[in-house]
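These notes concern the structure reproduced below.
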Amino acid sequence: MVKTGGMYDLLAEHPFFAGMDKGRMEVVAGCAMNERFEAGQYIFHEGESADKFYLVRHGMVALEFHVPGREQTVLDTVHKGEIFGWSWMVSPYTWSFDARAVELCRLVSLDAKCLRGKFDADNSLGYDLLRRFIPVMAERLSAARMQMIDMYGQPPDRK
Amino acid sequence: MPATAATAATALPADPMVPVPYRITRVARELSDTFTVDLVPARGKAPFRFAPGQFNMLYVYGVGEVPISISGDPADGARVRHTIRAVGTVTDALRRLKKGAMVGLRGPFGTPWPLDLTEGCDVLIIGGGVGLAPLRPAIYEVLNNRDRYGKVCLFYGARTPDDILFRGELEKWRGRFDMFVDVTVDRATGRWAGPVGVVTQLIRRGGFDAYHACALVCGPEVMMRFAVPTLNEIGVANDRIFVSMERNMKCAVGFCGHCQFGGAFVCKDGPVFRYDTISKLFNVREL
């Protein structure tokens, strides 16, 4: 039998899983793994198979986009108590950006294949998790729009 | 209630429509389009008193007049400091002026940040872009009277790392044990080791007592539009949020109506408003 107590505690501490039913959390904990990345180390690269998503327990992760001929562009940073990675939910299940540890990062990764199997067995678990993902996605989309409008820039007639 | 510089200097000058000559004693470039000028009276040495959040009308002779927030320390009566972004004819002309040049000054005008009301509370100072300039006198005032306030958090957002205003001071404030400072940028390369994202995301990471906090917010209006719901969401009520509005101010004393904002004049009734008093107007596009 797989011992999940340690993982369960880590998930229970994370705001993303706040209020989740204990039984469901134990099921999810069965797909979880502790990971550590040193400053500067890449967690994944664009185009690689998106087989996990991550909870940040400690540190800061930069989500980056590579544009040939330019320096790496940092799109967003993710911090303690936040999550990143939802490409595992959307076909073709490949990362659409790079993720790099800006400083020492302690993460919990959740295995996508394992989770998808659990969701097939219990649709309500999938619904519960989706309900947690959607506000995060909406907030990131809203933030991306604000970044896109260049609100601190000069008015258009001055550029 | 103890008197502070914030309460001491809100009376209008003797003749608010007559510019007084001031001499530029220092010009410092802050960013590619932003600069700071120090002014002293051309005649006499009466200390200039103002409250954090107030503004002056600066007159470039032969060009025109613009409202500019005061960005210096209210405890420093010897000089008047303004941080200005060159965005139009008059501010471009101001940028071309050198040390020793003369300008006309009317002021100070407008309502200040309510630092008396925030005593005993956690103080959240939220700025974006050049909006940090009108907040800086409030920061000085709070730090000059640090024991009167709870936790002090400064959340600042800029366009890129090269657009961070008052970077040296931000680093100094961040080094203090009694102040929390976090800075984010909208876009960066891998050389920037700080947060990337909008300033509203910093607010959520703050770690303060939201139910006993007061927020002072200044930046682009769209930033404030997003900052207020975030503050509400974490528990800061609208009557504890203060925003500094920007409108086309001309007379600065509520005569001309150029800066009318609903039933208020931003020059006279603002620029600092308690958010619940203007919340219904905040999203009206025609205003």
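The values are calculated or read from the model by the stated rules, or taken from the named source; none is laboratory data. Just so we're clear, the structure is a prediction, and the values are computed from it rather than from any experiment. Reconstructed Cβ throughout: ideal geometry from the backbone, glycine too, with neighbour counts over all protein chains shown. Areas reflect the complete protein model, heavy atoms only, side chains present, ligands, DNA and RNA absent. Shrake-Rupley method; radii C 1.70, N 1.55, O 1.52, S 1.80 Å.
A few notes on this one:
- Extension gain from A:Arg106 to A:Glu71, taking 0.36 nm per residue of separation minus the Cα-Cα distance: 10.0 nm
- Within the accessible area of the protein assembly as shown, the carbon and sulfur atoms contribute 53%, probe 1.4 Å, all protein chains present.
- Cα→Cβ-extended label distance, 7 Å offset, between A:Gln154 and B:Asp147, nm: 4.9
- Calculated FRET value between B:Val222 and B:Thr160, using beta carbons and R₀ = 25 Å, to 0.05: 0.90
- The A-B contact accounts for roughly 2400 square angstrom of buried accessible surface, both chains included, probe 1.4 angstrom.
- Partner shielding of B:86-95 amounts to 1, given as the average count of beta-carbon atoms from other chains within 10 Å of each residue beta-carbon.
- Legend: mean number of C-beta atoms from other chains within 10 angstrom of residue C-beta atoms, peptide B:180-191, equals 4.
- In chain A, helices alone account for a calculated mean residue ellipticity at 222 nm of -10500 deg cm²/dmol, with every DSSP H run of four or more residues adding -39,500 (n - 2.57).
- Shielding by partners - mean other protein chain Cβ count within 10 Å, residues of A:70-78: 6
- Projecting the Cα positions of A:Leu75, A:Gly85, A:Phe16 onto the charge dipole of region A:5-149 (unit charges on Cβ atoms of Lys, Arg, Asp and Glu, taken about the Cα centre) puts A:Phe16 furthest along the positive direction.
- Relative contact order (%) - criterion: Cα under 8 Å, at least six apart; region: region B:5-109: 38
- Neighbour cut-off at most 15 other Cβ (10 Å), DSSP loop, trypsin sites (Lys or Arg not before Pro), region B:63-167: B:Lys98, B:Lys99
- The Cβ shell under 12 Å around B:Ser71 holds other residues with a net charge of -1, Lys and Arg each +1, Asp and Glu each -1.
- For B:Val185, the shell of other residues with beta-carbons less than 10 Å away shows a net charge of -1, using +1 for Lys and Arg and -1 for Asp and Glu.
- Cβ-based charge dipole, chain B, positive-most Cα from B:Phe35, B:Val196, B:Leu117: B:Phe35
- Cut-off 15 Å between beta-carbons: net charge of the residues surrounding B:Pro114, Lys and Arg +1, Asp and Glu -1: -4
- Rolling a 1.4 angstrom probe over the protein heavy atoms with all chains in place gives the protein assembly as shown an accessible area of 46 Å² per residue.
- Area accessible to solvent at B:Thr25, 1.4 Å probe radius, in Å²: 50
- Total charge dipole magnitude, region B:49-188, about the Cα centre, Cβ charges on Lys, Arg, Asp, Glu only, Debye to nearest 20: 540
- With pairing defined as another cysteine C-beta under 4.7 Å, the cysteines of chain A that fail it are A:Cys105.
- Charged-residue dipole, Cβ positions (Lys, Arg, Asp, Glu), region A:5-149 about Cα centre, Debye nearest 20: 220
- log₁₀ of I(q)/I(0) at q = 0.17, 0.26, 0.27 Å⁻¹ - region B:213-261, Debye sum with one point per alpha carbon: -0.59, -0.90, -0.94
- Working from label points 7 Å from Cα in the Cα-to-Cβ sense, the B:Arg26 to B:Asn238 distance is 4.2 nm.
- At most 13 other Cβ within 10 Å, DSSP loop - trypsin sites (Lys or Arg not before Pro), region A:67-101: A:Arg70
- Beyond 19 Å in Cα-Cα separation lie the following of the pairs B:Lys151/B:Lys268; A:Lys52/A:Lys113; A:Lys22/A:Lys113; A:Lys80/B:Lys172: B:Lys151/B:Lys268; A:Lys22/A:Lys113; A:Lys80/B:Lys172.
- Computed about its Cα centre, the charge dipole of the protein assembly as shown is approximately 1300 debye, with only Lys, Arg, Asp and Glu carrying charge at their Cβ.
- Whole-number percent relative contact order across region A:5-149, with pairs defined as alpha carbons under 8 Å at least 6 apart: 30
- Euclidean distance of C-alpha centroids, region B:76-117 and region A:99-159, integer Å: 42
- Relative contact order (%) - criterion: Cα under 8 Å, at least six apart; region: region B:133-249: 20
- 25 °C / 0.890 mPa s Stokes-Einstein diffusion coefficient of region A:5-149, Kirkwood radius on C-alpha pairs, µm²/s: 155
- For region A:136-151, a drop of 30 Å² or more in accessible area on going from the chain alone to the assembled protein chains (1.4 Å probe) is found at A:Glu139, A:Ala143, A:Met146, A:Gln147, A:Asp150, A:Met151.
- In this calculation the C-beta distance from B:Tyr61 to B:Val87 is compared with R0 = 22 Å, giving a FRET efficiency of 0.65.
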